[in-house]
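The block underneath contains the structure these notes are about, expressed in structure tokens.
What follows draws every value from the coordinates through simple rules; no lab data is involved. Remember, predicted model here, so these are calculated numbers, not experimental data. When we count neighbours, we look across all protein chains shown, and the Cβ atoms used for this are built from the backbone with ideal geometry, even at glycine.
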Number of protein chains: 2
Amino acid sequence: MLSIKHININSFNENIVYLHKDCDTYKLDEIKGLTKVEIHGGAVPVYAFLEIVEDDGILKTNEIGLNNEAFSKVNLPEGANITISMAGPPASASVLQRKISGNILSSNEYSMVMKDIVAGRYSNMDIASFLVASGSFMTSSEVLSLTESLVGDEIIRWDEENIVVDHHCLGGIPGNKTDIIITAIVAAYGLPIPKTAARSLTSCAGVADTFSVLANVDMSESKLKKMIKECRGAIVDYNSLPIASASKIVSAVEKSLGITQQQHIVSSILAIKLAAGVTHLVLDIPVGPTSRIKTTNEAMRIRKMVEYIGDMLSLEIDAVITDGSEPVGNGVGAILEARDVMKILRNKEDAPQDLLEKSLFLAGRILEFDPKLRGGQGYHVAKEILTSGRALESLNKIIYAQGKAPQAQLGHLTRDIVSSRSGIVESIDNYQINKIGVMAGASQYPGAGLDLLKKVGDLVEPGETIYRIHSLTSNDFAYANSLADVNSGYEIVSKR
Amino acid sequence: MLSIKHININSFNENIVYLHKDCDTYKLDEIKGLTKVEIHGGAVPVYAFLEIVEDDGILKTNEIGLNNEAFSKVNLPEGANITISMAGPPASASVLQRKISGNILSSNEYSMVMKDIVAGRYSNMDIASFLVASGSFMTSSEVLSLTESLVGDEIIRWDEENIVVDHHCLGGIPGNKTDIIITAIVAAYGLPIPKTAARSLTSCAGVADTFSVLANVDMSESKLKKMIKECRGAIVDYNSLPIASASKIVSAVEKSLGITQQQHIVSSILAIKLAAGVTHLVLDIPVGPTSRIKTTNEAMRIRKMVEYIGDMLSLEIDAVITDGSEPVGNGVGAILEARDVMKILRNKEDAPQDLLEKSLFLAGRILEFDPKLRGGQGYHVAKEILTSGRALESLNKIIYAQGKAPQAQLGHLTRDIVSSRSGIVESIDNYQINKIGVMAGASQYPGAGLDLLKKVGDLVEPGETIYRIHSLTSNDFAYANSLADVNSGYEIVSKR
């Protein structure tokens, strides 16, 4: 028996057990590699990786150290006595091996894997293996199984609502924060829209990042319910809600690995919507040569897949294929995107028209989920709500209710990337723009990013600014500049 | 600037940096997930994962903690000032993504990945992703590239030898420790055999585990050279030699994941042999329904692949397809296997004949690498060396020179698994036997394992023991017993 000591270290989802090299109870000489152990003594066994301490100041030979993650899961006070054993493989270990070997898994097998992940029986390494193995090939029915397993048991119920709507974009397009404008319009119309959003995975800013420039995005389930009751809308970081635990753990690993796999993204989005109690979803599938989805055929396959999953899990999905050939809006990065959004809601003349039109189009599709609205009227109703100022009023109410965010600082280190020639912007490379933005610090700092002053089809003169880089640190600034110097992401051709 | 504090924690190949939550220099509020950082100030940048400490006893706000791995790599004294930055992705990150997406990689790309792995720029999670992604599909030329990249720059040279021989088995067969007997015979004959062996990955015992029951298996390169000069043979845990760093890191991750992928195993074995300076290799490819390699066709594909790689990298390979239908020898687990080996070398009557014959056959193939030996004479010469006692003498000399191991203890918790019927042993399931042995504690304790008293073709009577389980802890013993009760691994049919 060893006595618990809380080692106040945050290891980001990895449970770690520390034992002293000369541990009283266990012989550690023979441990030569990563070892998974099972901690006994709490309500349920907790799985953890073993690390070895050789410093009496940190740990004594009769103690067992638990990092923050392990300490909170074991849920016993310091000084309590516990034991450990070598962890046998989790129940789903053979399933993981089967997937690594390229087999098709059953619904029950996906559910076994997710249960083990949520129970902490998988290391980040195991999860990465599962992601890579399943990412290389999944049937539609496997994506369905994965989605179901990601939903799990924690589902938000909306007993007072007939329909609960939401919108999500499959992503890969810089800027493109239609979500906030759509939420404002739909909430003003009166349909309940608990918009679940995420932080950036590999992009400059997720919807949760951008909206957090305006308001607090973390809330409890009861707060979300109050929001919908009072404001009809909310924009919430789904990580703060007690739903889709497996999806959160898996996403954290994906973020760290820097991988984004189409079928996992689709599964994860649909699982979060289902867990949030959404009944009607507009799914935006942008297509373009530098978008995540490159061809209309590919987009169509995804549409068929989500329609199938939606039908099987009783989620009405309107999957809309949109133009993903260039960034949407001018701002790329949280503060600059939030500025675009507010310009549109305030009906400013210099508001980005592409973002405006796309938002109205998608909001219209959502409004048409309302049985009372005549077919084909959605766009016009959405436009009326926006131009009348009701959307702005609605968003302000949401911001106030969620808690207004303190003013954030736009990156003061700026550089104008200028055109060397006269011509027309022929194309903008989404990947390169995202990469320069990330290098400028956008995925870390809301104030970093790019302000795109020219878009496809715009005329440019020699020396005219095509976009402006904003950074907060000189390191980020230098990286972004050197990347932009190699390839600005813009193709400019002579006037025809 | 932060001041280095050595946090004496061993994290098994993962570099970890600890910062205080209220760190003076870096703002840590926004860090919500696993974050990779680059440590500057040492000779080269060191990559590490960030963990956050909230305990002034462990770390102060002006300090940066480095775990054992990071501290030794940064190689600066405590109190030295260093900085960190967010780590950009390693040079080969896009290569990893390409492999995850199913592409074929070039030789240069494999080499980039391995360089980044050795430089510590990959986390265990990244390595796992690479393994799973490349394991699902590799061309022969990719396996060649991977092998070359695993060899790296650290190669042992044998300037005084014309040929340097070795033997290796592709594994998956319990028992089967021909290697030690072969080394004894070949060394007695006089061919230099620096037998590189490994600890168990997923089996009950690796060759290094079994031989470590008899002698110390860790040695430096100069010790190995002295061994070969004086004894003509040595059995060394390759992990103790300064070769094939990438292979060691990759194997540690494979061990922790519990995965074994054919092409990686082949690459890794050939890379270690090449790095050890071996010129002539006998490769044993056992085939059987419960062996790792199931069919002769599959074995033939592997033979062609290794011949191709051998030819390209100037390693003469004699790939031999052998019978892998049942365990080889009686003992499964280090001590029991070592007992079998010593019985054979001592020419005991009750020595396991299958292990004896297989060892002579393979040793004969190696002896025939000697240009001076007439074709077809290898087996007979090997047999003469064994029966004359010269092999025993040779092994005793090796054991003495490597350092005799202290007496180890055979597991005192034993149970006889008995036959419930009269009949003939029709088959023995290698997987099940290995699993029961591992559960009995064999991969942890040399004294745990199974003693197979009956083999395929043996007659059994009701109540007669077919094998005996040995464990050292009651937990292991209970696991192994319950597993054996469900499925003993033996199929016994009525006499014909």
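Brief remarks follow.
- Using only alpha carbons, segment B:334-446 has a radius of gyration to Kirkwood radius ratio (Rg to Rh) of 1.05.
- Total charge dipole magnitude, segment B:23-166, about the Cα centre, Cβ charges on Lys, Arg, Asp, Glu only, Debye to nearest 20: 580
- Rounded to the nearest whole angstrom, the semi-axes of the ellipsoid equivalent to segment A:379-438, taken from the Cα gyration tensor as √(5λ), stand at 35, 22, 12, largest first.
- The protein assembly as shown - Rg (one decimal) and Dmax (whole number), Cα, Å: 31.8, 104
- Mean residue ellipticity, 222 nm, helices only, chain A: the sum of -39500 (n - 2.57) across DSSP H runs of n ≥ 4, divided by residue count and rounded to 500, is -12000 deg cm²/dmol.
- The calculated FRET efficiency for A:ILE104 paired with B:THR61, based on their beta-carbon distance and R0 = 51 Å, is about 0.45.
- Spatial offset of segment B:82-157 relative to segment A:446-496 amounts to 33 Å, using the alpha carbon center of each.
- Nearest 10 degrees, 0 to 90: helix B:262-275 Cα axis against chain B principal axis: 80
- Residues A:HIS380 and A:THR83, FRET efficiency given R0 of 56 Å [Cβ-Cβ distance, rounded to 0.05]: 0.25
- Sorted by Cβ neighbour density within 10 Å, fewest at the top, the residues A:PHE477, B:PHE130, B:PHE211: A:PHE477, B:PHE130, B:PHE211
- Packing-based exposure ordering (other Cβ within 10 Å, fewest first) of B:THR178, A:THR35, A:THR83: A:THR83, A:THR35, B:THR178
- Of B:LEU59, A:VAL37, B:ASN347, farthest towards positive along the dipole that unit charges on Lys, Arg, Asp, Glu beta carbons give the protein assembly as shown: B:ASN347
- Considering segment B:2-86, its Cα convex hull presents a mean projected area of 4.9 nm².
- Mean projected area of the Cα convex hull of segment B:453-496, taken over all directions, amounts to 3.6 nm².
- Overall form of segment B:93-137 per C-alpha gyration tensor (a/c, 1.5; a/b vs b/c): oblate
- Net charge contributed by nearby residues that have their C-beta within less than 15 Å of B:THR387 (K/R +1, D/E -1): +1
- Pairs of lysines in segment A:2-86 (C-alpha under 16 Å apart; 8 or more residues apart or interchain): 8
- Positive end of the dipole of segment B:224-269 (Cβ unit charges, origin at the Cα centre): among B:ALA234, B:GLN263, B:VAL250, the Cα lying farthest that way belongs to B:ALA234.
- Helix A:178-189 vs. chain A, principal-axis angle (Cα, 0 to 90°, nearest 10): 80
- Between A:GLU426 and A:ASP153, the simple spin-label model (points 7 angstrom out along Cα→Cβ) gives 5.9 nm.
- Anisotropy class of segment B:413-493 from Cα gyration tensor, a/c 1.5 cut: prolate
- For chain A, the longest principal axis of the Cα atoms and the long axis of helix A:390-402 meet at an angle of about 20 degrees.
- Here B:TYR400 and B:TYR308 are evaluated by their C-beta separation; at R0 = 30 Å the FRET efficiency comes out at 0.15.
- The share of Cα pairs per 20 Å bin across chain B, counted from zero up to the longest distance, runs 22, 49, 26, 3, 0 percent.
- Residues whose amide H falls under 5 Å from that of B:ASP284, counting only those 5 or more places apart or on a different chain, are B:HIS168, B:CYS169, B:LEU170, B:VAL320, with hydrogens built in the peptide plane.
- The ranking of B:ASP370, B:ASP311 by Cβ neighbour count inside 10 Å, starting from the fewest, reads B:ASP311, B:ASP370.
- The charge dipole of the protein assembly as shown, taken about the Cα centre with unit charges on the Cβ atoms of Lys, Arg (+1) and Asp, Glu (-1), comes to about 780 debye, rounded to the nearest 20.
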